[in-house]
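Each value in this text was obtained by applying a stated rule to the coordinates, not by laboratory testing. Just so we're clear, the structure is a prediction, and the values are computed from it rather than from any experiment. Cβ coordinates were reconstructed from backbone atoms using ideal geometry, including for glycine residues, and neighbour counts include every protein chain displayed.
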């Protein structure tokens, strides 16, 4: 290669490097949150993996990612799918029942001042009472089967939904209500066309809060009294000092909660976009 060709090759390299740097900078800028979050998680997992190996902590108390992965493989091959199915079914039944009851009750209490004056104290009291305090009564009434798990999820989710729907109905746009009344709309039409659509963001916020409380309820219920489910598996593993299996249950609950929260957040974003277009 002669000197002229070498000079041209060097010039090409010099022209490519700035564009490569700009491309990498643009990629980092557009994916900054994902890159930083992934890097932080990777560093955390490495430290977690090395801490027991280096003797900083005892594996009995903290386990490690590789040990948890091995335990997860064993659990999935030995009945964990059944436990996941039991917990999921109990949660979905209780959460669905909470939505079916909480939405109409919240609408009625938010719309009617008399009903709100009569029943709101009971709602506030039950909303503030920890579900764990009611667990012995729920087990006494419904037993240790699926009924008590559905009940504890229902009680954990229904009151956040009711309280948020009440707030949504009460904060309905007064201007829209007056305009609708001026055009001859009755109470039923006002509720269906103005109050309820306007309270949907409050409903979704209540569902997100209720879902988190429902997850706590299902795990606590299965930890205390159950013969199947993720919480039951965690209880058995904890009683025999199998920290790896306990962490598998914790991670599964976290993944399920994250997926549910993200699904509701996506629903909320779609509702907000619809409200803006309308």
How do 236-245, 123-132 rank on mean C-beta neighbours within 10 Å, highest first?
236-245, 123-132
If R0 is 25 Å, what FRET efficiency do you get for residue 142 and residue 78 from their C-beta distance, rounded to 0.05?
0.30
Please give the peptides 108-117, 146-155 ranked by average Cβ packing (other Cβ atoms within 10 Å per residue), highest first, as a rough proxy for protection.
146-155, 108-117
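Starting with the highest mean, order 216-224, 136-144, 30-38, 62-70 by the number of other Cβ atoms within 10 Å, averaged over the residues of each peptide. Don't skip to the end; give the middle numbers.
Details: 216-224: 23.3, 136-144: 13.9, 30-38: 10.7, 62-70: 16.4.
Per-residue Cβ counts within 10 Å, averaged per peptide and sorted highest first, yield 216-224, 62-70, 136-144, 30-38.
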Compute the relative contact order of segment 69-277 as a whole-number percentage, counting only Cα pairs closer than 8 Å that sit 6 or more residues apart in sequence.
27
log₁₀ of I(q)/I(0) at q = 0.17 Å⁻¹ - segment 69-277, Debye sum with one point per alpha carbon:
-1.10
